[in-house]
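Before anything else, here's the structure in question.
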Amino acid sequence: MKNIIKILRAQQDLTQAQLANKLEVSRQTVNAIEKGKFDPSLPLAFRIARLFDKNIEDIFTDEE
Amino acid sequence: MKKTAEKWDCNSRKTTLNLGLWTGAWVLTMALATFGPKFLWEGNSTLTLVGILINLAIGIGVIIANKKHLNSLDELQRKIQLEAMGATLGVAVIFGLSYSMLDTTNIISYDAEISHLVILIGLTYLAGTIIGTLRYR
């Protein structure tokens, strides 16, 4: 899955560590999701969407 | 929100430290139960049994601490641990049984010790964790 977390994070002037703290995950997890190396679970995707006040499909897009 | 995040991070560190302490205690009691009969209490069976039972009890503590540690990890960290555990289980069963067969068929001249398997398990798990961490970096 592709995502625009890096852009949204930059818009809110958040570091990966700050975003990780807000999502209650490790910085490595935020980094892996941003790079598309790891797809988050649905609950985590919802937390991300809620945090940026967006719908999940606005943030994540299927590559297929 | 910040408090919850700090609590998560704090809990994660706490369970990791807790697991380290339990594992350290387990290794120490293992050394005590192994070398005690020879160097400390000269073959006293009662003390040896007590040493083994203490080691067993602390071993159960290690299992519980490990479960708590896994529960404190986030989903990527759990995935890394799961992949490392899966690889370790496969390697332990496949290589362990092959190694045992080498011993029972007398192809190797020495005994296939359980400690060799434990070393293999430890190294495989360590390598699996490092590879997983690097893969998702």
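Laboratory data are not the source of any read-out in this text; all were calculated from the coordinates shown. Keep in mind that what you see is a predicted model, and the values were worked out from it rather than measured. Positions of Cβ are generated from backbone atoms using ideal geometry, with glycine treated the same way; all protein chains shown enter the neighbour counts.
Tally up the residues in the stretch A:2-36 that are closer than 24 Å to A:Asp62 by Cβ, assigned to a loop (DSSP other than H, G, I, E, B) and either more than 14 Å from chain B (Cβ to nearest Cβ) or in contact with a Gly (Cβ under 6 Å, 6 or more places away or on another chain) (or both), please.
Matching residues across the stretch A:2-36 total 1.
Return the residue satisfying two criteria in turn: it lies in the stretch B:47-70 and is of a type in the set (Val, Ile, Thr) and under 22 Å from B:Gly20 (Cβ atoms), and of such residues it is surrounded by the most Cβ atoms within 10 Å (Cβ to Cβ).
Going residue by residue through the stretch B:47-70, those that are of a type in the set (Val, Ile, Thr) are B:48, B:50, B:52, B:54, B:58, B:60, B:62-64.
Imposing the further condition that a residue be under 22 Å from B:Gly20 (Cβ atoms) reduces the set to B:54, B:58, B:60, B:62-64.
On the way: B:Ile54: 16, B:Ile58: 19, B:Ile60: 11, B:Val62: 17, B:Ile63: 11, B:Ile64: 12.
For the stretch B:47-70, the residue satisfying everything is B:Ile58.
Something else: Take the stretch B:108-137 and flag every residue that is within 14 Å of chain A (Cβ to nearest Cβ) and of a type outside the set (Gly, Ala, Ser). It would help to see each step written out before you state the result.
Keep residues of the stretch B:108-137 that are within 14 Å of chain A (Cβ to nearest Cβ), which gives B:129-137.
B:Thr129, B:Ile130, B:Ile131, B:Thr133, B:Leu134, B:Arg135, B:Tyr136, B:Arg137 - these are the residues of the stretch B:108-137 that are within 14 Å of chain A (Cβ to nearest Cβ) and of a type outside the set (Gly, Ala, Ser).
Just to verify a result, which residue in the stretch A:37-64, among those that are away from chain B (no Cβ under 11 Å) and part of a loop (DSSP other than H, G, I, E, B), is surrounded by the most Cβ atoms within 10 Å (Cβ to Cβ)?
A:Phe52
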